[in-house]
Amino acid sequence: MTGILRDARTAARGLLRAPAFTLLAVSTLALGIGANAAIFALVNEALLRPLPFREPSRLVHVWDRAEGVDEERPVSPPVWSALAARTDVFEAACASFDDVYTLTGSGEPESISGYRLSAGFFPMLGVKPMLGRSFTGDEDRPGHEHVVVLSHRLWQRRFGSDPAIVGRSLTLSGEAYTVVGVMPPRVVHPPGVELWTPLALPDGSRDDGRLRVLRVLARIRPGVGREAAARALADVSARLKREHPNAVRGGGLVAQPLDILYRGDARRPLAAVAGAVALVLLVACANVAGLSLARAAGRRQAVAVRVALGAGRGRLVRESLVEAGILSLAGGGLGLAFAYWSAGLLPALFPQSIANLKLPRIEAVSVDLRIVLFGLGACVVSTLVSGAAPALRSALSEPEGILRGAGRGIAVRRERGGSLLVAAEVALALVLLVGAALLLRSFLELRGSGLGFDPERVLSARILPPEHRYGDAGKITALHDAVLERVRSLPGVEAAGSVTFLPLSGWHGKRAHRLEGEAAPPPGAEKEAEFRMVDPGYLAAMRIPVLAGRGFDAHDGATSLPVVLVNEAFVRRFLPGTTVADAVGRRLIVSVRPLDGGPPRPREIVGVTGDVRHLGFDHAPDPEIDLPFAQEPVPLFCLAVRTKGDPQAMATALRRAVWQVDPDQPVAYLMPLEELAAESLALRRLSALLVGAFAALALGLAALGVYGVVSQVVVRRTREIGVRVALGATPSAVVTHVMVQSLGLAAGGAAAGLLASLALAPLLRGLLVGVTPADPLSFAAAASCLLAAAGLAAYLPARRAARVDPAAVLREP
């Protein structure tokens, strides 16, 4: 330790005497380590931090799956009962059901996302309220369920963190609920929920296999593997298909780890970003190693003297590594400071409004002990990588040759070592550039694919009439029509309409259907399509084209003939060989019970609309059925208001228009659709932007490395260049000579980078849409950009070489 401390003091004094080198090396390492620490802090918060539940690895969501469709669906009460009875596999199985409550009484009316939970749900998760208690078994019964547990976020936001909240009464959807508890900050299940109430299924519903609305969470027993749990689910599916034909769909039951629900969609983009930033650190280390080699070249005479006087080669290696360690620690300290500063900006990268994305809800990114330890690990790696080449050069130095002035072979090796480092930088930078080009092309392909509607200048809002005040179709229709009449009369409104589920909102529903005359399929094998209730103004407000037939109009009322619209995807899947024009006039039976309570009636297809990507740019359009809102009014409608100017400026006026009809009606999700469309691409934009930024950083470092090596060569060969000029070489010939050698170096690195990119690009396959991992345009663009940067970096010292004065050079001793 004494020797290491002495070497550290010596190295520190040497670095202080070379401020330009020290500043450049420390800044380079700070960029590499800081970027890695910041991204690791994000990855730690989003993917590595354990879920705030007891042994979360044993928690699984159980879903029902339609035959031939890879889509998760809620399950029926008989499925829940059967799973709870399999105590040999599951410790517990609890059910939940999503709901939306209207909170009134203090402040503006507000729609609150909630979940109804069966008894034992919170104990199964292994969590306890921060204040108060959770639900008891007696409260999970009809008539006893008017108690509520608040999330920490709602408690802070709406109730000012009132410590005396437990025992207070709240008005939720017109009914009094007593607050019995408040959950800790990180306990939010499912993500985004703000309150919980007891499930309290109605009597007799536990045997209703058609009631497929429950989300079941189960805890696997210790020692029971996932394969055993899958076999148990298959057994339950087979038995229920015999005993309750409606209870299970054709695809059977599947279990999904709870972790997927919280961060499944974030894994691939963050893995790509983490890989990119790791390559940046390697480029930075190679750059610093090249700078250290250049600095060592000026000290080789002193090193040779020390070796000749008996200095051990191990001591020289240690000195090189100690110097690299000091640079890495200084860069790491600055990098951690950068990570701490940028931590507050990172949560903004994650969208919070897209409900169909499985994303962690990141409120804050902290730089804790784990991040500091990661930074120290990055310092160790950078010390070894950046210090290896100078240390090896010290160990292989030839003092006899240097002291006799015969250092030609050493100079050749020195140039070769620096050139290899630069070639490695170029190769790594090209890998990053290819990845960035692929992600950018995929992003642009998605944006260019369109959503099937025009989100520009459209303001959206969701209206959920409380059932206790709008319990029949007449009242719902009256509210719907009055709200739209007020909204359409607002100054600055170009068009307005309504739909039950807005695109990109994450809300959607499916209904079984069949053509008139077709036999009814067996339970679990029904054909399903997305369905929505729309009013006549919706298509115009969203600019969704009608490809054949007509849209809805004022004549499609409650007493008119039942009609329906389908989209182009519906025609392709369910009416193969039929054109959109021929589909008009066909008759469908949709599993929607008419207002009079009778069986579903045939509905005539009066029009075919264009396809809409309801779940986002990267989801193919699903078959869709649209029914007139006037014929099937439901207690939910979303407004789509096309404005003549900035839609955000209309938000207050729209809210007031609704409150003029009903002062207690909440207006939720009031935001421009253009913003929602942008957020639906947030993860892809995140990966493309960050990988692109890191690729640009690596490109700059590689160009700096090329510049440094070429500058060294020019300085070392100044006399040779002077002789060439004296013998008649023109400045352009000198520039060409230097550029050819320099671009040869860059081309070698680029060739290695292209091979590495071909091997690594398939890892991005899950993030690419409309682009193959071997896309030639992306590879060509990345290679061209890299060679152009390398050429510019080499041109500057080459031009300086062309200006050499041969007389002055030849007069030098």
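Per atom type, the chain shows carbon and sulfur on 59% of its accessible surface, probed at 1.4 Å. Look at the dipole of the chain built from charges on Cβ: of Gly114, Val667, Val62, the Cα furthest out on the positive end belongs to Val62. Of the listed residues Lys527, Lys241, Lys644, Lys510, the order by accessible area with a 1.4 Å probe, largest first, is Lys644, Lys241, Lys527, Lys510. Screening the chain for DSSP H helices whose Cα atoms reach 27 Å or more along their own axis and whose mean Kyte hydropathy is at least -0.5 gives 19-43, 267-297, 313-342, 369-395, 408-449, 682-716, 731-760, 776-802. Note that segment 572-714, at 10 °C in a medium of 1.306 mPa s, gets a Stokes-Einstein diffusion coefficient of 74 µm²/s from its Kirkwood radius over C-alpha pairs.
Take 460-467, 285-292 and order them by the average number of nearby Cβ atoms within 10 Å per residue, most first; the result is 285-292, 460-467. Counted residue by residue at 0.36 nm each, then reduced by the alpha carbon distance between them, the extension gain from Arg157 to Asp454 reaches 103.5 nm. The value for segment 663-813 of Rg(Cα) / (2.2 N^0.38 Å) is 1.66.
Per residue, how large is the accessible surface of the chain? Use a 1.4 angstrom probe and give square angstrom.
43 Å²
With the cut-off at 1.5 for a/c, could you classify the chain from its C-alpha gyration tensor as rounded, prolate or oblate? Cα axes put the chain in the prolate bin. Here the extension length gained between Gln660 and Leu16 equals 224.6 nm, from 0.36 nm per residue of separation less the Cα-Cα distance. Ranking Leu270, Ser680, Trp155 by how far each Cα lies toward the positive end of the dipole of the chain (charges on Cβ) leaves Leu270 at the top.
Spin-label model, Val372/Arg800: points 7 Å from Cα along the beta carbon direction are separated by 4.2 nm.
Note: segment 71-138, Cα convex hull, 156 Å³ per residue. Restricting the calculation to Cα atoms, segment 608-653 shows an Rg/Rh of 1.05 when the hydrodynamic-style radius is the Kirkwood one.
Where in segment 616-659 does the label zone of Ala478 land, with the point 7 angstrom along Cα→C-beta and an amide N cut-off under 20 Å? Answer for segment 616-659: 629-637, 657-659. Accessible area of Met124 (1.4 Å probe, protein heavy atoms only, ligands and nucleic acids ignored): about 10 Å². Segment 215-272 and segment 443-518 have Cα centres spaced 33 Å apart. Measuring max minus min along each principal axis, the C-alpha atoms of segment 22-142 give extents of 72, 46, 33 Å (largest first).
What residues of segment 426-463 lie in the reach of a label at Ala756, counting those whose backbone N is under 15 Å from a point 7 Å from the Cα along Cα→Cβ? Answer for this model: 426-436. Counted residue by residue at 0.36 nm each, then reduced by the alpha carbon distance between them, the extension gain from Asp235 to Ala780 reaches 190.8 nm.
Dipole magnitude for the chain: about 4360 debye, using +1 per Lys or Arg Cβ and -1 per Asp or Glu Cβ, origin at the Cα centre.
Given R0 = 25 Å, the distance between the Cβ atoms of Leu384 and Ala337 translates into a calculated FRET efficiency of 0.65. Ranked by the mean number of other Cβ atoms within 10 Å of their residues, highest first, the peptides 438-446, 769-777 fall in the order 438-446, 769-777. 3J(HN,Hα) along segment 630-646: 5, 8, 9, x, 10, x, 6, 8, 10, 8, 10, 10, 8, 9, 8, x, 5 Hz, from the Karplus curve 6.51 cos²θ - 1.76 cosθ + 1.60 with θ = phi - 60°, whole Hz, x for Gly and Pro. When Val317, Val709 are compared by accessible surface with a 1.4 Å probe, the order from highest to lowest is Val317, Val709. Suppose R0 equals 22 Å; then what is the FRET efficiency for Arg226 and Leu47 from their Cβ-Cβ distance, rounded to the nearest 0.05? Between Arg226 and Leu47 the formula returns 0.65.
Taking all Cα pairs closer than 8 Å and separated by 6 or more residues, the relative contact order of the chain comes to 17 percent. Centre-to-centre, using Cα atoms only, segment 666-710 and segment 774-792 are separated by 19 Å. Overall, the ratio between the Cα radius of gyration of segment 713-768 and 2.2 N^0.38 Å, rounded to two decimals, is 1.87. With a Förster radius of 35 Å applied to the beta-carbon distance between Leu727 and Arg9, the computed FRET efficiency rounds to 0.10.
Label-to-label distance for Arg488 and Arg587 is 3.1 nm, based on points extended 7 Å past Cα in the beta-carbon direction.
The values are calculated or read from the model by the stated rules, or taken from the named source; none is laboratory data. The structure displayed is predicted, hence computed values, not measured ones. As a convention, Cβ positions derive from the backbone with ideal geometry for all residues, glycine included, and neighbour counts pool all protein chains shown. For accessibility, only protein heavy atoms count, side chains too; no ligands or nucleic acids. Shrake-Rupley method; radii C 1.70, N 1.55, O 1.52, S 1.80 Å.
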